[in-house]
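Visitor: Right, I'll just put the structure down here and ask away after.
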Amino acid sequence: MPAERLVRKLAAIRRAMAQAEETGSADLIEVAAEIGVKAAQLASWIDSIVAVERRVAAEGWEPPTEPGLRRDGMTLTVGRNLLRDLETEPPDIDTAVRLFVQARQFQGMDPDATNLPLARAITKLERIVGQKYPIVVREAPYYVEVEESIAPTRCRVLRITYVNDGLTDSEREVEPVAVFAADGFWYLEAFDRLTDEVRVFRVDRIHALSKTSETVVPRERSHPGRFDLSDVEHRLTVRVRTSLLDAFRAFDVRVEAERSHGDGTVEADLVVFGDRRLDQLLLSLGPDGAVIAPTTYRARRAERATALLARYR
Amino acid sequence: MPGDEIELASNSLERALIVAAFFRHQGERTLTIDEVIEQIREYASLAEPKSAARKFRRDREDLAAANIVIERTFDPDHDAAEPGDHHRYGIRDPRMERTFRADERAALLAAAATVHIDGLEEDDPADLGGNTTGRAAPISVRIPAIVADLQAPVVERRLVEFRYKDTLRRVEPYRVGIWRNAWYLIARDTADGGIKRWALERIAPSGDGPAVRVVSDRHAFAKVKLDYAAQFALDPNTWGDDPEIEALVRIPRRLRPAFTDVFDGVSNHEWVGDDEVVVTFTVRHLESTITRLLGFGDRAHVVGPPELVAAFTEWLEPQAGAT
């Protein structure tokens, strides 16, 4: 058989078995349509894998294990994935990087510190990508309490003291919906009884939390994952010392474009979210920095600087 | 051989996979061609050893194209005067140091079902975790695509080029990492030999090609031993070289966690009533300290030492009149 044909067959089988292993089952008609082969053909190739499994067991090449492949009509289920067990090549670098970040993050959240298979897999990934990887989402003091308050059928109402992005704090009762992480932070999606709407709270900004005895049926999850911050977006063009541009990164300023003036200064188009960060950015331009546009921000900068200085006189 | 009633492979797909399973079973043991032909029934059943050897060669080629490699190494014990195959055959990665066992795979799949990676290219559904990522995972982690682009040059020690701050740079890439939410590359700049941190966000996308271009063969530079934990300790007050000052800053107690999130090494100096606390930390980078303090607006008050108060107010004074 020419190699391309075998490779094509194995690619099709690998695809079907991967889906069955990862999601519980695979519909061979769907997989066959996606990869452009006949479903009956794919089913017969799958039967060859069943035959190989039988042979491996008959030869005693492996100790008896869980049932392997099972084809029930056009539905495939996989107890063990023979093809992946036989592979000798590591995943490609993109897949390895993805798996590594996922595994490290999962390991950081996993209360079962003795998850040895995960630890072994991480060691292998480290060899493949040539370095260690960090846990990307930062710890939050009340993460465990928040997560524990959420259950599939009844959620416990929480009383929290929350500091918002403008550093103003408030006490509120919330009905938890979901906890998730995005862009390095944990978030609690909850129905906020103070505002009567579903809101998203950064868990590390909850600085006091108590569980009430009240439970509620969880609301439907919206799981935004990304946030629409267009309402609080500020765009401006500034001229600053080049070295300062790096410092701005520490408070989430996005540098959209920069044009060097060749004298140690740079003109940069910046994006920043929220009034507090806008004020921080304006005052961080420093004594020799300047706002180029919009010009209205010049007055704002002077006003904020004056107000802050007044506290030192 | 046990089980004489064993059925032979009915097609070449089955035969190739049986060969692969046989070698996986051998583990680190390697075999001569005669042993292979003798022990794999499909070859042993052929009348001519030569045609069995040819079939084995084709099966190896087919398997290699499908990521299952049976390696051939020169056999030093073979009598060179004797004709025939002077090699031994064995499965690549017999101890599975770079491939995953079933339980490791299950652990990785659980991780992939929980943590969604945003930013990297879409996965092939046949890739490990390719069917789980992208579903409604509770954790979403954003990674710049450039992280993956840099990883192969890091492993293979290849030089790369990219545009950074309007200048074309050529670097030896060592490690990729994160500080707060920003990703960085630790790499030696070939222009001046300095090992620097490069913010990936500032590597400019190239209009007509990849942002990062590989410009050398493998192993273009030697392995470098660095304290990478220290390299990624990016708080400017860790690496700054301004004269050290012990800052004293009064903040509301409720903002203490937020303050600690921004400044490393913060400790309490004294409580002020029920609501406020004076915290202290070491300043080694004055400018970044001032710009970060400004994020707390009028809720952070610099109370000492006098040189820090002076630096803070001198920073603001020209701006108060800058309209």
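The values are calculated or read from the model by the stated rules, or taken from the named source; none is laboratory data. All figures in this text were calculated on a predicted structure; none of them were measured in a lab. Quick reminder, even Gly has a Cβ in these numbers, built from the backbone with ideal geometry, and neighbours come from all protein chains shown.
Visitor: Quick one: is A:MET109 modelled with pLDDT under 85 and among the hydrophobic types (A, V, I, L, M, F, W, C)?
Guide: Answer is yes for this residue.
Visitor: On to the next question. Identify the residue in segment B:314-323 that is touching a helix residue (DSSP H, G or I) at 6+ places or on another chain (Cβ under 8 Å) and surrounded by fewer than 18 Cβ atoms within 10 Å (Cβ to Cβ) and, among all such residues, is nearest to the other protein chains (Cβ to nearest Cβ).
Guide: Looking at residues that are touching a helix residue (DSSP H, G or I) at 6+ places or on another chain (Cβ under 8 Å) and surrounded by fewer than 18 Cβ atoms within 10 Å (Cβ to Cβ), I get B:THR323.
Visitor: B:ALA52 is checked against (1) buried (at least 16 other Cβ atoms within 10 Å of the Cβ); (2) more than 7 Å from chain A (Cβ to nearest Cβ); (3) not in a helix (DSSP H, G or I) and fails just one. What number does that condition carry?
Guide: (3)
Visitor: Got a sec? Which of A:ARG235, A:ARG276, A:ARG254, A:ARG241 is within 11 Å of chain B (Cβ to nearest Cβ) and out of contact with any Gly (no Cβ under 8 Å at 6 or more places or on another chain)?
Guide: A:ARG254
Visitor: Give segment B:167-179 a look and list any residue that's surrounded by fewer than 19 Cβ atoms within 10 Å (Cβ to Cβ) and free of Cβ contacts under 8 Å to residues at least 40 places away in the same chain, or say none.
Guide: Result: B:THR167, B:LEU168, B:ARG169.
Visitor: What number of residues in segment B:285-323 are farther than 19 Å from B:GLU270 by Cβ, part of a helix (DSSP H, G or I) and among the β-branched types (Val, Ile, Thr)?
Guide: So the count comes out to 4.
Visitor: Something else now. Looking at (1) surrounded by 16 or more Cβ atoms within 10 Å (Cβ to Cβ); (2) of a type in the set (Asp, Glu); (3) more than 23 Å from B:ARG256 (Cβ to Cβ), find the lone condition where A:ASP204 falls short.
Guide: Among (1) surrounded by 16 or more Cβ atoms within 10 Å (Cβ to Cβ); (2) of a type in the set (Asp, Glu); (3) more than 23 Å from B:ARG256 (Cβ to Cβ), A:ASP204 violates only (3).
Visitor: Can you report the number of residues in segment B:248-266 which are touching a Pro at 6+ places or on another chain (Cβ under 8 Å), hydrophobic (A, V, I, L, M, F, W, C) and either buried (at least 19 other Cβ atoms within 10 Å of the Cβ) or part of a helix (DSSP H, G or I) (or both)?
Guide: 0
Visitor: Considering only residues that are outside any loop (DSSP other than H, G, I, E, B) and more than 7 Å from chain A (Cβ to nearest Cβ), look in segment B:111-125 and name the one that is modelled with the lowest pLDDT.
Guide: B:ASP118
Visitor: Sort through B:LEU128, B:LEU185, B:LEU168, B:LEU159 and tell me the only one that's over 19 Å from the mean Cα position of the chain (by Cα) and at pLDDT 85 or above.
Guide: After applying the criteria, what remains is B:LEU168.
Visitor: Could you check segment A:117-136 and list, in sequence order, the residues that are of a type in the set (Ser, Thr, Tyr) and either at the interface with chain B (Cβ under 8 Å from one of its Cβ atoms) or buried (at least 19 other Cβ atoms within 10 Å of the Cβ) (or both)?
Guide: A:TYR133
Visitor: Further, regarding this structure: From the list A:ASP196, A:ASP252, A:ASP246, A:ASP183, pick out the single residue that is over 23 Å from the mean Cα position of the chain (by Cα) and at positive phi.
Guide: So the residue among A:ASP196, A:ASP252, A:ASP246, A:ASP183 that is over 23 Å from the mean Cα position of the chain (by Cα) and at positive phi is A:ASP196.
Visitor: Shifting gears a bit: Looking at segment A:8-116, what helices (runs of 4 or more DSSP H) fall wholly within it and have at least 3 residues that are more than 7 Å from every other protein chain (Cβ to nearest Cβ)?
Guide: Per the criteria, A:28-35, A:39-59, A:93-109.
Visitor: Among the numbered conditions (1) facing chain B (nearest Cβ under 9 Å); (2) acidic (Asp, Glu); (3) out of contact with any strand residue (DSSP E or B) (no Cβ under 6 Å at 6 or more places or on another chain); (4) free of Cβ contacts under 8 Å to residues at least 24 places away in the same chain, tell me where A:GLU197 comes up short.
Guide: So A:GLU197 meets the others, but not (1).
Visitor: Examine segment B:75-89 for a residue that is outside any loop (DSSP other than H, G, I, E, B) and among the hydroxyl-bearing types (Ser, Thr, Tyr), and state whether such a residue exists.
Guide: Looking through segment B:75-89, at least one residue is outside any loop (DSSP other than H, G, I, E, B) and among the hydroxyl-bearing types (Ser, Thr, Tyr).
Per-residue answers, yes or no, for (1) touching a Gly at 6+ places or on another chain (Cβ under 7 Å); (2) within 8 Å of chain A (Cβ to nearest Cβ); (3) acidic (Asp, Glu):
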| site | (1), (2), (3) |
| --- | --- |
| B:ASP79 | no, no, yes |
| B:ASP93 | no, yes, yes |
| B:LEU109 | yes, yes, no |
| B:LEU128 | no, yes, no |
| B:ILE139 | no, yes, no |
| B:ALA148 | no, yes, no |
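Visitor: Consider only pairs whose beta carbons are under 6 Å apart and that are at least six residues apart or on different chains; among these, list those whose first residue lies in segment B:285-301 and is farther than 19 Å from B:ARG254 by Cβ and more than 7 Å from every other protein chain (Cβ to nearest Cβ) and whose second residue is among the charged types (D, E, K, R) and surrounded by fewer than 22 Cβ atoms within 10 Å (Cβ to Cβ).
Guide: B:HIS285/B:ASP242; B:LEU286/B:ASP242
Visitor: Which residue out of A:ALA208, A:ALA178 is under 23 Å from the mean Cα position of the chain (by Cα), part of a strand (DSSP E or B) and of a type in the set (Gly, Ala, Ser)?
Guide: A:ALA178
Visitor: Is one or more of the residues making up segment A:137-156 of a type in the set (Lys, Arg), buried (at least 16 other Cβ atoms within 10 Å of the Cβ), within 14 Å of another protein chain (Cβ to nearest Cβ) and not in a helix (DSSP H, G or I)?
Guide: yes
Visitor: Now, a different point. Regarding B:ARG175, is this residue over 17 Å from B:ALA145 (Cα atoms) and at pLDDT 85 or above?
Guide: In short, no.
Visitor: For segment B:168-189, name all the residues that are more than 22 Å from B:VAL141 (Cα to Cα) and touching a helix residue (DSSP H, G or I) at 6+ places or on another chain (Cβ under 6 Å).
Guide: Result: B:PRO173, single match.
Visitor: Got a sec? Which of B:ASP217, B:ASP242, B:ASP192, B:ASP208 is in contact with a helix residue (DSSP H, G or I) (Cβ under 6 Å, 6 or more places away or on another chain), assigned to a loop (DSSP other than H, G, I, E, B) and either of a type in the set (Asp, Glu) or touching a residue at least 40 places away in the same chain (Cβ under 8 Å) (or both)?
Guide: None of the other options fit; the residue is B:ASP242.
Visitor: Counting only residues that are buried (at least 16 other Cβ atoms within 10 Å of the Cβ) and of a type in the set (A, V, I, L, M, F, W, C), which one in segment B:236-247 is nearest to A:GLY166 (Cα to Cα)?
Guide: Filtering first and then ranking leaves B:ALA247.
Visitor: May I pose another question? With the structure loaded, tell me whether A:PRO176 is touching a Leu at 6+ places or on another chain (Cβ under 7 Å), in contact (Cβ under 8 Å) with a residue 12 or more places away in the chain and more than 8 Å from chain B (Cβ to nearest Cβ) or whether it fails that test.
Guide: Criteria met by A:PRO176.
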